[in-house]
1. Rounded to whole Å, give me the distance from the Cα center of region 39-76 to that of region 89-135.
2. Using label points projected 7 Å from each Cα along Cα→Cβ, tell me how many nm separate Lys61 and Gln73, to one decimal.
3. Only loop residues by DSSP count here, and only those with at most 12 other Cβ atoms within 10 Å; note down the GluC sites (Glu not before Pro) in region 1-90 that meet that.
4. Give the relative contact order (percent, whole number) for the chain; include only Cα pairs under 8 Å separated by 6+ residues.
5. What is the ratio of the Cα radius of gyration of the chain to 2.2 N^0.38 Å, with N the residue count, to two decimals?
6. Cα-based count: Lys pairs in region 3-130 below 16 Å, eight or more positions apart or different chains?
7. Rounded to whole Hz and in sequence order, give me ³J(HN,Hα) for region 115-128 from the Karplus expression 6.51 cos²θ - 1.76 cosθ + 1.60, θ = phi - 60°, writing x for Gly and Pro.
8. With unit charges on the beta carbon (Lys/Arg positive, Asp/Glu negative), name the residue among Val56, Met78, Ile35 whose Cα is farthest towards the positive pole of the charge dipole of the chain.
Amino acid sequence: MQGSVVLENLRFLMKARGLKAYIVPTDDSHQNEYISAHDARRAFISGFNGSAGTAVVTPEKALMWTDGRYYQQAEKQMDSNWELMKDGLPSTPTIGKWICDNTPISSSVGVDPKLISYRQWKPIQKELKSRGKSG
């Protein structure tokens, strides 16, 4: 399926559920870093199949956070719908900060709770709650 169509469909579902952002982590429901093809949700929506990365989709933007091991791979695999967020660089905001800075107050943020660990979710949730958003 074309990347634009996948994003369009995801955004349609987000709108129907009142979500201003949706987070797609790499992990599967067992919190494995290396996952089977049928669990590769992030790769399905973005084209990027590196073993580390988190996608964030809003009505206007699609962003991919990944670390330095995967900058080049992500740039090659993602199409022009996606913006690479170079995790680990001082100029790159955290996912929570970016969502807070780029969505309206009282926004709802979606994520599949089976696909994100408590350790990953807690700092994002803390940032969202501190800025009046729910996840």
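Every read-out reported here was derived from the displayed coordinates using simple, explicitly stated rules and does not represent laboratory data. Computed from a predicted model, the values in this text were never measured in an experiment. Cβ atoms come from the backbone with ideal geometry, glycine included; neighbour counts cover every protein chain shown.
1. If we compute the Cα centre of each part, the gap is 17 Å.
2. Between Lys61 and Gln73, the label points sit 2.4 nm apart.
3. Values: sites: Glu8, Glu33, Glu60, Glu75, Glu83; in loops: Glu33, Glu60.
Of the GluC sites (Glu not before Pro), the ones in loops of region 1-90 whose Cβ has at most 12 other Cβ atoms within 10 Å are Glu33, Glu60.
4. Relative contact order of the chain: 26 percent.
5. Values: Rg = 13.9 Å, N = 135, 2.2 N^0.38 = 14.2 Å.
For the chain, the normalised Cα radius of gyration is 0.98.
6. Lysine pairs meeting both conditions in region 3-130 amount to 12.
7. Here the 3J(HN,Hα) series is 10, 10, 6, 4, 4, 6, 6, 3, x, 5, 4, 4, 4, 4 Hz.
8. Going by the Cα projections, it comes out as Val56.
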